[in-house]
Amino acid sequence: MTIYTVTSKQLLNDYAVLQTLENASFEIGQTITVDNVGGDFDGSFVVYAVPQYYYIGTNGNGFPTFNSNIPINNQVMYVAVGDAVERTPATGTIEFDPVCEWIDDDDIADWLGIEVASAGDEAFLVICAEAANAFCSLRRFENGYFDQLSVAPTAAVKLGTTMYGGALYRQRGSAGQDFATFDGMSQGTTNGLSAIVKQLLGINRAVVA
């Protein structure tokens, strides 16, 4: 669950616009929960838009319009029927549960070149895919990317996420950082977030002034 702090609110022509303190990663169609903002703003809503400018109302066709001369960061818009509220400072929170779907268990199995031998293997592949999606999308966000979660932003990112998920699967049954093995010889230290995975994900980039 991700929680953002609300700093301003606006309600006009049955469209609500909230601004958050943090850089948010909302996507159109996601469900959010607004709490303690007050009145018609609170409840569960579907994100209608993520506007970058000041909302000025709807046009003759009922679609929201914006003033492109007044940019505003970190906004989210949703349908909320109620009395008009001019843009004003606000408190409260927005909660949502971001679910990344860049890869699935089949992607990992294809990359590993294996066929699932049991229901337990299949279940673990699914867990590895979910974990890789969650971890890699979070690392991308921490490094300044704002990606859609329904599809990988690039083929490189998808491959990097798949490789990370494959590394998680291969470490099944291992007590440390090495792959599990019955061989008395060490297999060497493994690192799921290897240099090539970081390169594919585009993280830990050099800072450019």
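The values are calculated or read from the model by the stated rules, or taken from the named source; none is laboratory data. Since the structure is predicted, the reported quantities are computational estimates derived from the model, not experimental observations. Here the Cβ is made from the backbone with ideal geometry for all residues, glycine too, and neighbour counts use every protein chain on show. For accessibility, only protein heavy atoms count, side chains too; no ligands or nucleic acids. Shrake-Rupley method; radii C 1.70, N 1.55, O 1.52, S 1.80 Å.
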Exercise. If you take the residues in segment 80-126 that are in contact with a strand residue (DSSP E or B) (Cβ under 6 Å, 6 or more places away or on another chain) and of a type in the set (A, V, I, L, M, F, W, C), which one is nearest to Asp35 (Cα to Cα)?
Worked result: Ile94
Exercise. Mind checking which pairs have a first residue in segment 36-54 that is more than 14 Å from Val17 (Cβ to Cβ) and a second that is of a type in the set (S, T, N, Q), Cβ under 8 Å, 6 or more apart or different chains?
Worked result: Asn36/Thr91; Asn36/Thr93; Asp42/Asn36; Gly43/Thr33; Ser44/Thr31; Ser44/Thr33; Val46/Gln30; Val46/Thr31
Exercise. For Leu125, are the conditions met, namely being over 30 Å from Phe45 (Cβ atoms) and outside any loop (DSSP other than H, G, I, E, B)?
Worked result: yes
Exercise. Is segment 93-112 home to any residue that is at pLDDT 95 or above, assigned to a strand (DSSP E or B) and open to solvent by 20 Å² or more (accessible area, probe 1.4 Å)?
Worked result: yes
Seminar exercise, completed: Taking segment 78-92 and keeping residues of a type in the set (Ser, Thr, Tyr) and either in a loop (DSSP other than H, G, I, E, B) or open to solvent by 20 Å² or more (accessible area, probe 1.4 Å) (or both) leaves Thr88, Thr91
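Restricting attention to segment 178-199, which residues are modelled with pLDDT of 55 or more and loosely packed, with under 13 Cβ neighbours inside 10 Å? Walk me through how you get there before you give the answer.
Of the residues in segment 178-199, the ones modelled with pLDDT of 55 or more are 191-199.
Hits for segment 178-199 are Asn191, Ala195, Ile196.
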Exercise. Taking interchain pairs and intrachain pairs at least six residues apart, which have beta carbon atoms under 7 angstrom, with the first residue in segment 87-109 and closer than 14 Å to Gln10 by Cβ and the second open to solvent by 30 Å² or more (accessible area, probe 1.4 Å)?
Worked result: Thr88/Lys9; Pro89/Thr7; Ala90/Thr7; Ala90/Lys9; Gly92/Asp35; Gly92/Asn36
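How many of the residues in segment 6-18 are of a type outside the set (A, V, I, L, M) and surrounded by fewer than 21 Cβ atoms within 10 Å (Cβ to Cβ)? Break it down into steps so the answer makes sense when it comes.
First pass over segment 6-18, keeping only residues of a type outside the set (A, V, I, L, M): 7-10, 13-15.
Keeping just the survivors that are surrounded by fewer than 21 Cβ atoms within 10 Å (Cβ to Cβ) gives 7-8, 13-14.
Summing the residues that are of a type outside the set (A, V, I, L, M) and surrounded by fewer than 21 Cβ atoms within 10 Å (Cβ to Cβ) in segment 6-18 gives 4.
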Seminar exercise, completed: Residues of segment 150-175 being surrounded by 18 or more Cβ atoms within 10 Å (Cβ to Cβ), of a type in the set (A, V, I, L, M, F, W, C) and under 14 Å from the mean Cα position of the chain (by Cα), in sequence order, are Ala152, Val157
Seminar exercise, completed: Scanning segment 113-122 residue by residue, those part of a helix (DSSP H, G or I) and open to solvent by 50 Å² or more (accessible area, probe 1.4 Å) turn out to be Ala119, Glu122
